[in-house]
Amino acid sequence: MHRYKAQAATVLLTALAPASWGTTYVVTTRLLPPGHPLFAGLMRALPAGLLALAITRVLPRGEWWWRTAVLGVLNIGAMPLLFVAAERLPGGVAATLGAAQPLLVAALGLALLHDRPTAWRLAWGVLGVLGVGLVVLGPRARLDAVGVLAGLGHTAMMAAGVVLTKRWGRPAGVGPLTLAGWQLTAGGLLLLPLTLAAEGVPQRIDAGAAGGYLWLGSMGGLIAYTLWFRGIGRLPVAASAPLVLLSPLVATVIGVAQGESLSMPQVLGFALALIALVAAQLGPAERKKTETKEEFHHAEEHDDRRARSHRDGRRPSGRRGEDARTPRAGAVPEAAGERRP
């Protein structure tokens, strides 16, 4: 019971990350200066990364220099694509493109983690893709090709980042805050020259824009990625990947509250994508597989205990604290009721 409570707490904390990312769309369209997606990505990454490095005072070592660069590009460097999608697409529709991430994670997990998806997951995954297609191809979605490609590109890079983060884990003694700081700094340093060369700094940053950048860099940046990397390290990929569905859910709720509308096919497609991708991770086949693995591990542990007992010259005992040592040759058993000195 304690293990399930701990896992539930981990899931809830991890879910705060994609839930905060769902606010990116309304912050971008309502508060930030338009036409500066690179600068928005830079402000979300570099200040938060430098702050984390100042707090932890730990730098990568050895192979983690290039691993951090790769993860920084995938998890952080793709941020401008998210802001491009947020500027060109309605909030709920833009976030719904991220609903394809669990399916991409399943495919990459098969290739890199050798985690073979079950038929249940594949079937629901196909239905999830159909649901996303209904949302994207809605007749009144006000979509454009650049926004759709940017949203899907961000989703694909984030999926690769999730799988590689799970495969590589973290160095010994390095916490999720340190890992988040490394990647945010690496991604921010990548975006810095691109931003200065292509966009520059917005001419005017008012109080609303400053508040938007602060929110994106704190809750949507440092805090969210720290919780996200912590969850990826503790949860199976099949459990962490569906949590990104909270991003389109939050964005859609905010969009509807602000007057945006979705056509009936888009609503049905959105619902189908959510149901399909969640069901792919909660199916009976997956639970049976998990239970079988747990039983196998328990059996292995039992056999290991028995083997250690035999090596130590002990007989397996069913009662805790019972002396099960084999009597030495020539030893006289104690009489009933006789106490040892």
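Exactly one of these conditions fails for GLY41: (1) open to solvent by 20 Å² or more (accessible area, probe 1.4 Å); (2) part of a helix (DSSP H, G or I). Give me its number.
(1)
Since GLY187 meets every condition but one in (1) surrounded by 19 or more Cβ atoms within 10 Å (Cβ to Cβ); (2) not in a helix (DSSP H, G or I), which condition does it not meet?
Unmet for GLY187, out of (1) surrounded by 19 or more Cβ atoms within 10 Å (Cβ to Cβ); (2) not in a helix (DSSP H, G or I): (2).
Given the criterion closer than 30 Å to PRO47 by Cα, in a helix (DSSP H, G or I), open to solvent by less than 30 Å² (accessible area, probe 1.4 Å) and modelled with pLDDT under 75, identify the matching residue among GLY92, GLY153, GLY128.
After ruling out the rest, the residue left standing is GLY92.
From the list ARG61, ARG67, pick out the single residue that is of a type in the set (D, E, K, R), part of a helix (DSSP H, G or I) and open to solvent by 30 Å² or more (accessible area, probe 1.4 Å).
ARG67
Select, from LEU262, LEU222, LEU272, LEU194, the only residue that is at pLDDT 90 or above and either farther than 23 Å from PHE39 by Cα or open to solvent by 50 Å² or more (accessible area, probe 1.4 Å) (or both).
Numbers: LEU262 fails: at pLDDT 90 or above; LEU222 fails: either farther than 23 Å from PHE39 by Cα or open to solvent by 50 Å² or more (accessible area, probe 1.4 Å) (or both); LEU272 fails: at pLDDT 90 or above.
None of the others qualify; the one that does is LEU194.
The values are calculated or read from the model by the stated rules, or taken from the named source; none is laboratory data. Since the structure is predicted, the reported quantities are computational estimates derived from the model, not experimental observations. With ideal geometry, Cβ positions are generated from the backbone for all residues, glycine too; neighbour counts draw on all protein chains shown. Surface areas here come from the heavy atoms of the whole protein model, side chains and all, with no ligands, DNA or RNA. Shrake-Rupley method; radii C 1.70, N 1.55, O 1.52, S 1.80 Å.
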